[in-house]
Amino acid sequence: MQSLNIQTTQNVDINYEVANIGDRLLARLIDWGIFVVLIIALSIVNASLQLSITSGLYILLISPIICYDLICEPLFQGRSFGKMVLKLRVIKIDGTQPGIGDYIIRWMFRLLEGLVAISPGLCLLVVLVNGRGQRFGDIVAGTTVISTKQKVQLRDTIMMQYNPNYVIQFPQVSMLSDRDVGLIREVLKQAMNSQNYPAIERLSARVKEVLGINPMMPSMQFLHIVLNDYTHYNFESNR
C-alpha cells in the first residue's frame with residue numbers, strides 16, 4: 001500500500017494512505033452507474049415530453065454528466081459520490097484541501113484523456129509508477145487521491161527529540177495549559193482522521209481568539225505550530 005508522507009516546516013509528519021487502483025476504479029464504476037441512471041432519466045423525460053432534441057438542448061441535458069467531477073469535488077470536499085462510498089478523497093500533495101483551480105485542472109485533464117483517447121493502460125501505468133497515486137491531471141494540479149478508511153497518522157517529531165534551534169513563533173502559547181494543549185491535539189487528530197476541515201477551522205479560530213492573535217496562515221499549519229511552540233516552551237520552562 002502506497003503512502004504519502006508530508007513533513008511540515010514545523011517538523012510535524014502527516015501520513016496519508018494513497019488510494020489503491022482497485023478502490024479508485026470501483027469508485028469510478030459507481031459514478032458511471034450514476035451517469036447511466038441520469039441518461040435513462042433524461043431519455044424518459046424526453047420521451048414523455050416528446051421534445052425535439054437540438055444540439056444546444058442536447059449539450060444542456062448532458063452537461064451535468066460532463067461537469068460531474070467539477071460539480072461534486074469542490075462541493076463535497078474532494079469527493080464524488082463514488083469516492084464517498086469507497087471513502088476516498090482528493091487532497092493536495094502538501095496535505096491541504098485543493099482549491100477550485102486545482103479541481104478545474106483535474107477535470108480538464110480527465111476530459112482531455114477521454115477526448116484524445118489516451119490509453120487506459122498508460123493512465124494506469126502513470127498512477128502505479130509515480131509513487132503518489134497521481135494521474136496526469138493530479139500531477140499538473142499537485143493533487144492525489146487518498147483513502148480515509150485508515151486513520152491518518154499524525155506524528156509530532158519534536159515530542160521525541162528536543163530541537164535546541166527551534167524558534168517559538170507564538171510566545172502567547174504560555175497562556176495555555178497542558179490540558180488545553182492536550183485537547184487541541186486530540187480534537188485536531190480526530191478532525192484529521194475524519195477529514196473534518198470545518199472542525200479544524202473552528203478549532204483554529206477558537207485558539208486564535210484565546211491567544212489574541214490572527215496570523216495569516218492555513219488553519220492546520222497554525223495549529224501544528226501552536227502544538228510545537230507549546231512543547232518547546234514547556235521544555236524550556238522546566239529545564
Problem set entry | The lone exception for I65 - which of (1) in a helix (DSSP H, G or I); (2) modelled with pLDDT of 90 or more; (3) within 19 Å of I104 (Cα to Cα) it fails | (2)
Exercise. How about the stretch 92-141: which helices (runs of 4 or more DSSP H) wholly inside it have at least 2 residues that are at pLDDT below 75 and in the same structural domain as V18 (by TED's automatic domain parsing)?
Worked result: 100-115, 120-129
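Could you tell me whether any residue of the stretch 197-217 is touching a residue at least 60 places away in the same chain (Cβ under 8 Å), surrounded by 18 or more Cβ atoms within 10 Å (Cβ to Cβ) and not assigned by TED's automatic domain parsing to the domain that holds M84? Can you show your working first?
Let us first name the residues in the stretch 197-217 that are touching a residue at least 60 places away in the same chain (Cβ under 8 Å), namely 197.
Now restrict to residues that are surrounded by 18 or more Cβ atoms within 10 Å (Cβ to Cβ): none.
Taking every residue of the stretch 197-217 in turn, none turns out to be touching a residue at least 60 places away in the same chain (Cβ under 8 Å), surrounded by 18 or more Cβ atoms within 10 Å (Cβ to Cβ) and not assigned by TED's automatic domain parsing to the domain that holds M84.
State whether the residues of the stretch 178-195 include one that is in a helix (DSSP H, G or I), closer than 25 Å to I146 by Cβ and touching a His at 6+ places or on another chain (Cβ under 9 Å).
Step one: filter the stretch 178-195 for residues in a helix (DSSP H, G or I), giving 178-193.
Subset that is closer than 25 Å to I146 by Cβ: 184-193.
Subset that is touching a His at 6+ places or on another chain (Cβ under 9 Å): 188.
Checked against the condition, which is being in a helix (DSSP H, G or I), closer than 25 Å to I146 by Cβ and touching a His at 6+ places or on another chain (Cβ under 9 Å), the stretch 178-195 yields at least one hit.
Using the structure shown, decide if Y233 is more than 24 Å from T148 (Cα to Cα) and either surrounded by fewer than 19 Cβ atoms within 10 Å (Cβ to Cβ) or assigned by TED's automatic domain parsing to the domain that holds M175 (or both).
Numbers: more than 24 Å from T148 (Cα to Cα): yes; either surrounded by fewer than 19 Cβ atoms within 10 Å (Cβ to Cβ) or assigned by TED's automatic domain parsing to the domain that holds M175 (or both): yes.
Criteria met by Y233.
Condition first: among the charged types (D, E, K, R) and closer than 17 Å to Y68 by Cα. Now tell me which residues in the stretch 91-113 satisfy that.
To start, the set of residues in the stretch 91-113 that are among the charged types (D, E, K, R) comprises 92, 94, 102, 106, 110, 113.
Matches in the stretch 91-113: D102, R106, R110, E113.
Can you name the residue in the stretch 175-196 that is of a type in the set (A, V, I, L, M, F, W, C) and more than 25 Å from I91 (Cα to Cα) and is also surrounded by the most Cβ atoms within 10 Å (Cβ to Cβ) among such residues? Full working, then the answer.
Initial filter on the stretch 175-196 (of a type in the set (A, V, I, L, M, F, W, C)): 175-176, 181, 183-184, 187-188, 191-192.
If we keep only those that are more than 25 Å from I91 (Cα to Cα) too, we end up with 175-176, 181, 183.
Working: M175: 12, L176: 22, V181: 19, L183: 13.
Only one residue tops the list, namely L176.
The values are calculated or read from the model by the stated rules, or taken from the named source; none is laboratory data. Small disclaimer: the values here were computed from a predicted structure and weren't measured. Neighbour counts run over all protein chains shown; Cβ positions are idealised from the backbone, glycine included.
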